[in-house]
Structure formats: C-alpha cells, structure tokens
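Accompanying notes for the structure given below.
Just so it is clear, none of the values below were taken in a lab; they were calculated from the coordinates. Owing to the predicted nature of the structure, the values given are computational and were not obtained by experimental measurement. Note: ideal-geometry Cβ built from the backbone for every residue, glycine included; neighbour counts use all protein chains shown.
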Amino acid sequence: MKNIAVVLAGGVGSRLNAGIPKQFLKVAGMTVIEHTISVFQHHPLIDEIAIVANEAYHVKIQEYVIKNQFRKVKKILMSGNERHFSSLSAIKAYEFEGECKLIFHDAVRPLLNPYIVSQVVEALDEYGAVDVAIPSADTIIEVDENNIITHIPQRKKLRRGQTPQGFRLGVIKEAYSVALKDPTFVTTDDCGVVLKYLPNQPVFVVPGEDVNMKLTYKEDFYLIEKLFQLRMMNFHDYSLSVSDREKLRGKKVVIFGASSGIGFDLMNLCKDCGAKVFGFSRSLNNVNVANAVDVRNALEIAAGQVGEIDYVVDTASLLYKESLVHMTYEQIDEAISVNYRGMVNVAKEAFLYLQKSHGHLLFYTSSSYTRGRMDYSIYSSTKCATVNFVQALAEEWAGFNIRVNCINPERTKTPMRVKNFGMEPDNTLLKPIDVAIVTAKALLSDLTGQVIDVKIKSI
C-alpha cells in the first residue's frame, strides 16, 4: 500500500500579520514549507508527496521542489477557502489510484519528528484513521456566552491534537462522502469528520511532541527559530540491522580521531561490516586536524587507494577541564585549533570528494553546547560552534547532495572523559561502541543539518 504525505499549505496566515502566508516565511535558512517537505522527502516510509496550496503560490512551490530536489513531490494541488477543501482536493486526486495511506500534515509544523511519521504509517496497518496528540498540561474549562464556567473535564483524558493525521483512502473518502450530505457540516479537523460521520470507525492516537508546534503567532516564529537551533534527532534503536551492515559493505570511510574512543570503535565497526576504512590521528599516524595540510594529505592517501570517498567523520576533540584563568594560552589555542579549526579544515578539504560521491560529512558536538559548563568554557563554546557550523554547511551544500550532521552523545566513557573526570559508574556513561553504532546509522540516513542525540539508556 502506497504511503502518501499530503502537505496542507493553503493557509493565509492572517493571525501572523506577516504580509505573506506563514508557510513561506524563512526560518533556520529555509522557508517553513521547505523544512516540512524535507521531513517527508527523507523519510524511508513515504513513497510520494502531494502539496495542497493556493494557486498563486504553485510556481513558488515548484521552484522549491526543483531547488531542493524534492523528488517525491508528484502533485501540487489546489486548496480552497475552507480547511476541508484542501483535504478533499487530495482525496479526489488519489481516489482512482487504489487503496493507499494518506498522511495529512500542516505545512506550518516544520519540526515534525520522523519517528512520529513512522508511528502513524505503521498504525494505519491496523486502523483506518490515526491522530497525533499530546497530553494537556493545562486544565481545560468550558464556559457559556457570559464567560461562566459550565464544565471542567478531567485533564487526564484530554489531549491536544496535532498533525499528521493518517487515513486509509477508503475511510476518509467515505467519511467526507457522508459529511457533505449534511447541510450543517463544519469542520477544521479530518479526524473529527471520521469520528462524527463514521462513528463505528476507531480513531487511534499516536503520541506527539511539544516541539511539533504550529506556527500561528509572531511569538511562535521566534520560538521555532530557537527550537531549530537546538533540534535533536534520536535513533530509537541503538543496533545495526543486517540491512544496515550490508549497506555499509564497500563504503569508503575516512575517520579523523580514530586512535581511541568513539573513532576507534567506529573504525572497527565499519571494517567488520566490510567497509574500506582509513583512520587518522596525531598518535596513530601524525595527522593533526588543526593542520589543513595534514588533512589534505590524509584524504589524498585514502582517495589514491580507493578512488571515491563516501563518508568523512571527524571525532577529534580536545578537552581541558580547567577554569579559563588557569588555562595557558597554549592550551586555549590548542583546544580551539583541534575542536573548531580542525572541523573547518576537514570540511573544506573533504568538499570535492563528497561532492563527487554525494557523500556524508559528520562531526561531534556535546550536550554542553546548549549551555556552557563551568571549568570547560572553551570546550563548550567550540561544541556550540560545531552545531552552528553543521547547520549552516548543510544548507550551503544541499545543492551538491552532500549531507552534513553532528552526533550529540551524552557522557561517554572515552580516554578523554576518564582523564578529565576520573572513574565514574559505568551505568552513568555511554559506551563508545553505542555511539559508534548510532554514528553508522546516521551515515546511512538521508538526514542533513541535524543534531543526532545519543542518550544513556540504563541509569
């Protein structure tokens, strides 16, 4: 059964007072609608995308499709004056193509987690209609025309609806067929149509997320901008499948910082999967990422042996756990050179190779990037710079089909960690191999511009 994402972009954004529909405002380097389409374009379970929008913006949307190579976009459909007209437009566009799953999503919810999409698609195997919602943190009251409370529902039973909403085509088509015969029909919610007009059809609810917010007011715009900066993705399965291992077979991988910790485990993991791996570090073969010539020579060695480079990973990092006033200028310069300039060097020198292979560049940040930590201000600030660098570079290189991401592991038992923090309980630390596995899964993904979170599972 085909899975079709329907991006609903017919709104005019009157409450935002921005002059143009809010889905065409720019946030985090792209328009809101581009971010939203990108979620579905890169989702492995989505086969096709249809966009429903006002005819006046069809040319603009087509430009976005071409620019971003949104190859899954097959239809750009007409919206209507009312919300349900957009849904009907999609239903009519697919009604003669056989049974399929339609996943309706607001274009102005750009922070949708792909994991939610997966849950909706999978739930449609059992149910004909699926909603996404989150628990209400606030008490909801019902009032009369005089603002007198008439009812206070139990909060534990209340949910705040989001999108996507998923339907088997036959179910949503039948629901609207009945609804349109009702002269009093009014709705802003497709699941509400199913609930009212097909009362025997269960509507299953998938848990949503607070960050899957809808851009409605000016304040939302600033919040979404910040959420994009802090955005993290999470692979919910920290293991490599047989399929993952097979996909890694034959890949050409260059790893900087491969002598210990995460880089060392990643190197061995990729080798075990049949990849051709080249590991470099200061202690291993005197390659210092802070020196652009070292990086250039290392990449030339790898390319000289295998021709094409698919993945370049920079795990090299340096932490001095000391207050700024107690650090020497030599230590400061060295930390900045490895953590920041090294990253820049690796990216700049790797560009031509990754452009040729349509490859993947990956760096590592730290949980301290969201808030600087006492006694490692230099390290924290360079890791914040890593995130900004990755997000900017992902946009710059999108047209070259180069993916750029960074891994954000929680506390990990590496030699650098032990040196600075001493021995800690094992159950409070990630193992380097766990981070290496997530790194491999990230390299195989279509994600770009993301902070990929790796959390400790057993504490």
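So for the chain, averaging the separation of alpha carbon pairs under 8 Å that are six or more residues apart and normalising by length, what relative contact order in percent results? This gives 13 percent for the chain. Our summary gives region 2-230 a relative contact order of 23 percent, counting only alpha carbon pairs under 8 angstrom and 6 or more residues apart. The packing ranking, built from the mean of other Cβ atoms within 10 Å per residue, places the peptides 289-296, 147-154, 427-434, 95-102 in the order 289-296, 427-434, 95-102, 147-154, highest first.
Using the Cα centre of the chain as origin and beta-carbon charges of +1 (Lys, Arg) and -1 (Asp, Glu), tell me which of Cys100, Ser239, Ile61 is placed farthest towards the positive end of the dipole. Positive-end residue among those listed: Ser239.
With a Förster radius of 22 Å applied to the C-beta separation of Lys74 and Lys173, the computed FRET efficiency comes to 0.70. Return the ratio Rg/(2.2 N^0.38 Å) for region 1-95, where Rg is computed over Cα atoms only. After normalising by residue count via 2.2 N^0.38 Å, the value is 1.04.
Checking understanding here: applying a Kyte-Doolittle mean of at least 0.5 and a length along the axis of at least 20 Å (C-alpha), which whole DSSP H helices in the chain pass? Helices meeting the criterion: 292-306. Straight Cα distances below 20 angstrom link Lys218 to the lysines Lys22, Lys26, Lys226, with same-chain residues fewer than 8 positions distant left out. Here the simple spin-label model places points 7 Å from the Cα toward Cβ, and for Lys156 and Asn81 these points are separated by 4.6 nm. Of the beta bridges DSSP finds with both residues in region 2-230, what % are antiparallel, to the nearest 5? Percent antiparallel among DSSP bridges in region 2-230 is about 40. Here, P(r) means the percent of Cα pairs in each 5 Å bin from 0 to the largest distance; for region 2-230 it is 1, 6, 14, 18, 20, 18, 12, 7, 3, 1, 0. In whole Å, how far is the Cα centre of region 52-122 from that of region 302-367? Result: 39 Å between the Cα centres.
Is any residue of region 304-347 close enough, with backbone N under 20 Å, to a label point placed 7 angstrom from the Cα of Ser377 along the Cα-Cβ axis, and if so, which? Answer for region 304-347: 318-341.
The slack between Leu284 and Glu219, meaning 0.36 nm per residue of separation minus the straight C-alpha distance, is 18.3 nm.
Rounded to two decimals, the Cα-based Rg/Rh of the chain, with Kirkwood Rh, is 1.02. For region 234-454, taking Cα atoms only, Rg and Dmax work out to 16.4, 51 Å respectively.
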